[in-house]
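Quick one: structure below, then a few questions.
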Amino acid sequence: MKKLFGVIGDPIGHSMSPEMHNNLFDFYGIDAVYLPFHVSKQNLEAAVKGLKALGVSGFNVTIPHKTTIMDFLDQIDPLAKAIGAVNTVQNENGCLTGYNTDGPGFVKGLESMGADLGSRSALIIGAGGASRAIYFSMAQAGIKQIDLYNRTADRAEELVRTCPFKVRSKVLDRETAEKSLHEYQLIVQTTSIGMFPNLEGLPLSLDQLSQGTIVSDIIYNPLKTKFLEEASKKGAKIQNGVGMFVFQGALAFEKWTGIFPDTETMRRNVLRNLGG
Ligand code: ATR
């Protein structure tokens with residue numbers, strides 16, 4: 001019987017996940033279909049029950065349900081629980097398990113650039129939900145030092161306090177972060193500054209950036225934020241959010257099918273959709 005997968009969110013119309021997963025099902029000859037489902041906040045519980053009753057094999061979860069969905073699942077993977085957000089659900093014989101592949105996807109995206117994470121020290125800019133997933137996953141991956149800068153320092157302090165993995169971390173104010181930028185081998189921009197339509201502005205100045213630093217921005221619309229443009233002018237190795245998007249999808253696909261898919265083809269397809 002044909003298997004059913006999907007993504008729930010609000011809004012959902014612009015999600016690139018259905019095309020990504022349907023392409024993969026075609027490519028690997030899997031008899032399955034992946035559909036977008038527009039689910040409002042007040043319908044979330046009913047939607048999850050409905051998906052379970054219909055025997056959906058798995059689904060992705062996007063804004064605004066990544067945290068609230070956790071109340072309606074049977075099991076939560078420990079990393080997703082620590083992060084406090086689920087983006088991938090697997091249905092095994094009626095038992096729904098929630099995972100987070102956003103953070104691990106970000107880490108895999110970095111590794112795909114040839115980044116050797118173990119020996120590096122990193123600075124993360126931002127302390128929202130995306131930062132939390134990335135910070136915990138980088139700490140789990142064994143990065144020794146991960147400092148944080150956020151406009152609201154309390155939120156960064158809270159991330160450091162609640163991280164379940166062993167990692168050295170300092171919360172920096174903007175001035176200190178800007179001055180010490182050259183000390184990091186990896187800088188990750190996780191705020192919404194630079195995302196369409198807020199194209200202007202930088203979360204901090206990149207004057208002190210060293211050549212060869214890896215600078216990653218999780219935004220993929222636009223493909224090159226002002227932050228990445230400035231970093232590139234300074235000779236940084238830049239990476240946009242396409243890597244994270246592709247690898248979170250690849251990890252979800254692997255959970256559902258046991259196949260880790262060809263991420264280069266996935267990346268090309270996503271870039272074609274984004275006009276890159
Ligand atoms: P997400 O889940 O996408 O990470 P979020 O939880 O709303 O979204 O977090 C947004 C992040 O972008 C936060 O780090 C936020 O900083 P504050 O904690 O100080 O709010 C940051 N951010 C958003 N707009 C910003 C702006 N104009 N200047 C600086 N930081 C901003």
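List the residues, sorted by chain then number, that are 5 or more residues from THR213 or on another chain and whose placed amide H is less than 5 Å from its amide H.
LYS237
Over the chain, what is the relative contact order in percent, taking alpha-carbon pairs closer than 8 angstrom and at least six residues apart?
15 percent
Over the residues of region 198-276, compute the C-alpha Rg and express it relative to 2.2 N^0.38 Å.
Numbers: Rg = 14.8 Å, N = 79, 2.2 N^0.38 = 11.6 Å.
It is 1.28.
While we're looking at this one, here's another question. Which ³J(HN,Hα) values in Hz, rounded to whole numbers, follow from the phi angles of region 190-204 under the Karplus curve 6.51 cos²θ - 1.76 cosθ + 1.60, where θ = phi - 60° and Gly and Pro get x?
10, 7, 8, 5, x, 7, 3, x, 8, 6, 8, x, 10, x, 7
Right, here's the next one. Pulled fully out, how much extra length does the chain show between HIS14 and ASP31, if you take 0.36 nm times their separation in residues and subtract their Cα-Cα distance?
Stretched out fully, the HIS14 to ASP31 stretch lengthens by 3.7 nm.
Still on this structure, please answer the following. Which percent, nearest 5, of DSSP beta bridges in region 65-175 are antiparallel?
35 percent
Now, a different point. What fraction, in whole percent, of alpha-carbon pairs in region 70-135 exceed 14 Å separation?
Every Cα pair in region 70-135 considered, those over 14 Å come to 62 percent.
Next question. Taking loop as defined by DSSP and a crowding limit of 11 other beta carbons within 10 Å, which GluC sites (Glu not before Pro) in region 200-243 fit?
Passing sites in region 200-243 are GLU200.
Rounded to the nearest 5, what is the percent of antiparallel bridges among the DSSP beta bridges in the chain?
Within the chain, antiparallel bridges account for around 20 percent of the total.
Dipole magnitude of region 23-81 about its Cα centre, charges +1 at Lys/Arg Cβ and -1 at Asp/Glu Cβ only, in debye to the nearest 20? Kindly include the intermediate steps, with their values, before the conclusion.
On the way: 5 positive and 6 negative charges, 46 e Å.
With Lys and Arg at +1 and Asp and Glu at -1, about 220 debye.
How do MET113, MET1, MET195 stack up against each other in accessible area, from largest to smallest, with a 1.4 angstrom probe?
From most exposed to least exposed: MET1, MET195, MET113.
Mind checking the log10 I(q)/I(0) for the chain at q = 0.13, 0.15 Å⁻¹? Debye, one equal scatterer per Cα, no solvent, two decimals.
Here the Debye-derived log intensity ratios amount to -0.86, -1.13.
How many Lys pairs in region 1-125 lie less than 21 angstrom apart by Cα atoms, where the lysines are 8 or more positions apart or on different chains?
Lysine pairs, 8 or more places apart or on different chains, close enough: 15.
Return the long-range amide H neighbours of ALA32 (sequence gap of 5 or more, or a different chain), with a cut-off of under 5 Å between placed amide H atoms.
When sequence neighbours closer than 5 places are left aside, the close amide H contacts are LYS3.
Moving on to the next point. In Å², and per residue, what accessible area does the chain have when probed at 1.4 Å with the other protein chains present?
47 Å²
Which whole-Hz ³J(HN,Hα) couplings does region 100-111 yield from phi under the Karplus relation 6.51 cos²θ - 1.76 cosθ + 1.60, θ = phi - 60°, glycine and proline marked x?
Karplus-based 3J(HN,Hα) across region 100-111 equals 10, 9, 5, x, x, x, 4, 4, 5, x, 5, 4 Hz.
What number comes out for the charge environment of CYS163, summing +1 per Lys or Arg and -1 per Asp or Glu over other residues with Cβ under 12 Å away?
Within the 12 Å Cβ shell, the charges total +2.
Expressed as a whole percentage, what fraction of the accessible surface of the chain belongs to carbon and sulfur atoms when a 1.4 Å probe is rolled over the protein heavy atoms?
Carbon-and-sulfur percentage of accessible area, whole number: 50.
In sequence order, what are the phi-derived ³J(HN,Hα) couplings for region 122-134 according to the Karplus relation 6.51 cos²θ - 1.76 cosθ + 1.60 with θ = phi - 60°, rounded to whole Hz, with x for glycine and proline?
Each residue of region 122-134 in turn: 10, 10, 9, 9, x, 9, x, x, 5, 4, 4, 4, 6 Hz.
At what distance in nm do the modelled label points of LYS41 and ARG268 sit from each other, each positioned 7 Å from its Cα along Cα→Cβ?
4.2 nm
Right, next: Only Lys, Arg, Asp and Glu count, each charged at its Cβ (+1, +1, -1, -1), so figure out the dipole size of region 123-273 about its Cα centre, rounded to 20 debye.
On the way: 19 positive and 16 negative charges, 55 e Å.
Roughly 260 debye, rounded to the nearest 20.
Here's a follow-up. May I ask you to list the chymotrypsin sites (Phe, Trp or Tyr not before Pro) in region 71-166 that are in a DSSP loop and have at most 16 other Cβ atoms within 10 Å of their Cβ?
The qualifying sites are PHE165.
Running Debye on region 1-76 with equal point scatterers at the Cα sites and no solvent, what base-10 log of I(q)/I(0) appears at q = 0.13, 0.22, 0.25, 0.26 Å⁻¹?
-0.38, -1.01, -1.20, -1.25
The values are calculated or read from the model by the stated rules, or taken from the named source; none is laboratory data. Every value quoted in this text rests on a predicted model; they were computed, and no experiment measured them. Every residue, glycine among them, receives a Cβ derived from its backbone with ideal geometry; neighbour counts consider all protein chains shown. Only protein heavy atoms, including side chains, enter the accessible area calculation; ligands, DNA and RNA are left aside. Shrake-Rupley method; radii C 1.70, N 1.55, O 1.52, S 1.80 Å.
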